[in-house]
Amino acid sequence: MSTDTAPAATTAVRDEAAQRLAEQPKLQPSPPESVPAQPLVAWRIPLAVLIGGMFMSVLDVSIVNVAIATIQSDFGGSTADVAWITTAYSLVLGVVVPASAWLGDRFGLDRVYMIALAGFALGSALCGLAWSLNSLIAFRVIQAIPGGLLPAVTLTMVYRIVPRHKIGTAMGMYGLGIVFAPAIGPTLGGYLVEYMSWRLVFYINVPVGILGLIAALVALPKFARAPNRPFDVWGFVTVASGLVALLLAFSEGQSWGWTSYRVLILIVGGLLLLALFVTIQLEVDHPLLNLRVFHSVAYSTSLIVMSVVMTGMFATLFYIPLFLQAGQGYPALNTGLLILPQALVMAFLMPISGRLYDRIGPRWLVVSGLLVAAFGSYLLAGINPDMTREEVVLWTCIRAAGVGMAMMSIMTGGLASLSPDLTNSGSAINTVVQRVSAALGLAALTAMATAQQAQLAQGRAELLEGTNSQAAHLHILQLFGLYRRTQVSVLANSYANLFLLTAAVTAIAAVGALFLRSGPAQHTGSEPASMAVE
């Protein structure tokens, strides 16, 4: 080849390669779910708006429980019937949360958030207007649809508007809605029920929702929609049916019997449906939830640790107030006031732990927090009929301090390990795990407590058989006092065993938290954000 023809040949080859590259548009990667041009600079005001909506939706879960007894006295019905006020709400959450990722992509996160906020306020107003138990349960179903969307959508929006190097600080503030709301719910609900009306438990959401909607219209940025993708109908049907089956089984297992055919069929059917859901997600082109999130070890670890923390937190918020009322005779409001200090401890520590997260990463915050929470659970195992109010406040505050240190670092460390295009799916799965683990864990602990109470009561009865001759000379009031004392002692012993188990599992989870990242996150100059004006 001559020197004259070589440059021409080289030019021809280069032109041909450029032409081939231009003819391959299908090989370009698909755009991410909702990627904006740049991070939001003034992110604190939009974050405050999101915290308000999140706080309202989570508060409703715990505040309603205080009003159940009063609602039953007004509307009548058995305990099992009234329990459907909370059971129906939980079941619907399991249905709508998996669809939140698709809805956010299809219609825009800001639109879905505002519609859900308005819908939640409307559903709350309908619950307050209920004229019978059946109407209240039906309105709770309506309320749960937007109530299930709000936590998942808001969590995704936080990761879209906040720069990655500030995400710990932001999540420390955001965590107030997740942790502080359930803790303050019994206090606020107890006051409204005792001094006003149980209907205000629902009506209180209406003005808050209206103000939140106005603030969202003014302060929230517009989020870009993702390219249209078809709705994964079969994926939605299988995951929704599977979650509903499991939630129903664990909610009604106590009354139906854990070995009854109904409960066993629901558990087996739910697990099979979830397995089918995983298979569908791995085969379809446009899955409902992108299971690639589980390729991240940090994210998968965070879900496991989160399940332990949520179970322990809700166990404390459930069993301690229950014992204070059933075992020591405290009214609802006083019980709520004794639980309030732990909420204040978490509210104080959350922002601090968020700032520390940005500097040192999640690992040692989570490990140390879980160890403190495990120690607090161990102290709670000292529950007894003669415990003082000071002991209750001290024990719960120590455990709350551990949760305040660890909670948001767990969630933030997991979601921060995902790429922006997986945040929607990661947020939805995170919300599902929080709700399901709290419901299933609490149901499993309650089943254990009930079995232990029966066993312990039998043992106490056998001990009393040898004292029948002495008991015959006791006055009827003395006999009642002896029976009451024995009953409370059995209740305390069963709860003490549950807190010991919670302490052990929490300590084990602290070991698993060693797999989380240590040190601040590495940031690049091209850090993606996820907010854009349409």
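For the stretch 259-355, with equal point scatterers placed on the C-alpha atoms only and solvent neglected, what are the log10 I(q)/I(0) values from the Debye formula at q = 0.10, 0.16 1/Å, to two decimals? The Cα Debye sum returns log10 ratios of -0.57, -0.96.
Of the accessible area of the stretch 361-458, computed with a 1.4 Å probe over protein heavy atoms only, carbon and sulfur atoms account for 66 percent.
Here is the size of the stretch 42-171 from its Cα atoms: Rg then Dmax, 16.4, 54 Å. The portion of the accessible surface of the stretch 57-104 made up by carbon and sulfur, rounded to a whole percent, is 62 (1.4 Å probe; DNA, RNA and ligands excluded). For residue 194, the solvent-accessible surface with a 1.4 Å probe is about 90 Å², rounded to the nearest 10.
For 105, 81, 74, the ranking by accessible surface with the largest value first comes to 74, 81, 105, using a 1.4 Å probe.
Rolling a 1.4 Å probe across all protein chains gives residue 286 an accessible area of roughly 80 Å².
Counting protein heavy atoms only, the stretch 212-272 has 73 percent of its accessible area on carbon and sulfur, 1.4 angstrom probe. For the stretch 247-264, 3J(HN,Hα) computed residue by residue from phi via the Karplus equation (6.51, -1.76, 1.60; θ = phi - 60°) reads 4, 5, 4, 7, 6, 9, x, 5, 7, 7, x, 5, 9, 6, 4, 4, 5, 5 Hz, glycine and proline entered as x. What shape does the stretch 188-305 have by the C-alpha gyration tensor, where a ≥ b ≥ c are the square roots of the eigenvalues, rounded means a/c under 1.5, and otherwise prolate means a/b greater than b/c and oblate the rest? The shape class here is oblate. In the stretch 395-439, the ratio of gyration radius to Kirkwood radius, Rg to Rh, stands at 1.09 when only Cα atoms are counted. With all protein chains in place and ligands, DNA and RNA left out, the 1.4 Å accessible area ranks 55, 277 as 55, 277, largest first. In summary, the stretch 210-270 shows an alpha-carbon radius of gyration equal to 1.90 times the 2.2 N^0.38 Å reference for compact globular proteins. Note on residue 178: accessible area is roughly 10 Å² with a 1.4 Å probe, heavy atoms of protein only. Here, the stretch 196-243 is characterised by an Rg to Rh ratio of 1.23, where Rg is the alpha-carbon radius of gyration and Rh the Kirkwood radius.
Computed with a 1.4 Å probe over protein heavy atoms only, the accessible surface of the stretch 296-406 comes to 37 Å² per residue.
Value of Rg to Rh for the stretch 320-387, rounded to two decimals, is 1.11; Kirkwood radius and Rg both from alpha-carbon coordinates. Volume per residue for the stretch 295-416 equals 91 cubic angstrom (convex hull of Cα atoms).
The values are calculated or read from the model by the stated rules, or taken from the named source; none is laboratory data. Since the structure is predicted, the reported quantities are computational estimates derived from the model, not experimental observations. Accessible surface is based on the protein model in full, side chains and every heavy atom, while ligands, DNA and RNA are left aside. Shrake-Rupley method; radii C 1.70, N 1.55, O 1.52, S 1.80 Å.
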